[in-house]
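Down below is the structure, laid out as structure tokens.
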Amino acid sequence: MPPNLARCPTEPRTLEIFDESLRRCSANPRFLDRFYEAFLASSPKVRQKFTNTDFVRQKRAVLASLHLILLAAQDPENPDRYLREVAERHSSAQLGIGAEFYDLWLDSLVATVREIDPAFGPEVEQAWEDVMTIGIRYLVSRFQARGA
Ligand code: HEM
């Protein structure tokens, strides 16, 4: 994967499948509770990162960032426009979220969508993986960034 992340835009159909699934998931008040239950259970290292977290705020922030990743996937040459602050927050200078954490994040998220989305299937799973990968690649690429 080239560091500038230049790549073909995600298929419009994939964006639509993701968007519709995100709406169904968001309609279930348990969605983000279940996600954080799964993510925190995935590793003690993850739990340690969230020791002092206000999860009411965190769930709002993460829901907003799922929509920002959708915008970034629609416009993959300009991820900075949508995700710069989220990337800075996760970088080595701040939260120190290295690449090894993101597989746990995506596995926990997809497992939660499987449980919550009544229309879950292979297409929905692929759409979440494709769209989230845009955001994850960008965050990982900015891990060492200084004040960018
Ligand atoms: C694409 C993946 C991810 C997205 C979209 C995302 C999104 C966010 C957002 C929007 C915030 C709130 C930032 C703010 O305070 O304004 C946040 C905070 C945080 N994220 Fe992530 N995140 C991702 C992956 C991860 C991973 C893999 C970890 C690993 C443990 C992680 C740990 C944290 C922590 C510890 C906080 C701060 C919580 C606090 O304020 O106590 N994130 N994340």
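The values are calculated or read from the model by the stated rules, or taken from the named source; none is laboratory data. Note that the structure is predicted; figures quoted are calculated from it, not measured. For neighbour counting, all protein chains shown are included, and Cβ atoms are generated from backbone atoms with ideal geometry for every residue, glycine included.
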Asp54 meets each of (1) charged (D, E, K, R); (2) at pLDDT 95 or above; (3) more than 9 Å from the ligand (Cβ to nearest atom) with one exception, condition (3)
Restricting attention to region 113-148, report how many residues are in contact with a Ser or Thr (Cβ under 7 Å, 6 or more places away or on another chain) and charged (D, E, K, R).
3
Just the residues that are part of a helix (DSSP H, G or I) and free of Cβ contacts under 8 Å to residues at least 12 places away in the same chain, please, taken from region 56-79.
Val56, Arg57, Arg60, Ala61, Ala64, Leu71
Those residues of region 24-55 which are outside any helix (DSSP H, G or I) and of a type in the set (Phe, Trp, Tyr) amount to Phe50
Provide a single number: the residues in region 61-85 that are surrounded by 12 or more Cβ atoms within 10 Å (Cβ to Cβ), more than 18 Å from Thr14 (Cα to Cα) and more than 6 Å from the ligand (Cβ to nearest atom).
6
Which of the residues that make up region 7-50 are more than 13 Å from Ala127 (Cβ to Cβ) and of a type in the set (A, V, I, L, M, F, W, C)?
Cys8, Ala27, Phe31, Leu32, Phe35, Ala38, Phe39, Leu40, Ala41, Val46, Phe50
Filtering region 80-103 down to residues that are among the hydrophobic types (A, V, I, L, M, F, W, C) and not in a helix (DSSP H, G or I) yields Ala93, Leu95, Ile97
Here are some conditions: (1) touching a residue at least 60 places away in the same chain (Cβ under 8 Å); (2) within 10 Å of the ligand (Cβ to nearest atom); (3) under 20 Å from Glu123 (Cβ atoms). Glu88 meets all but one. Which one does it not meet?
(3)
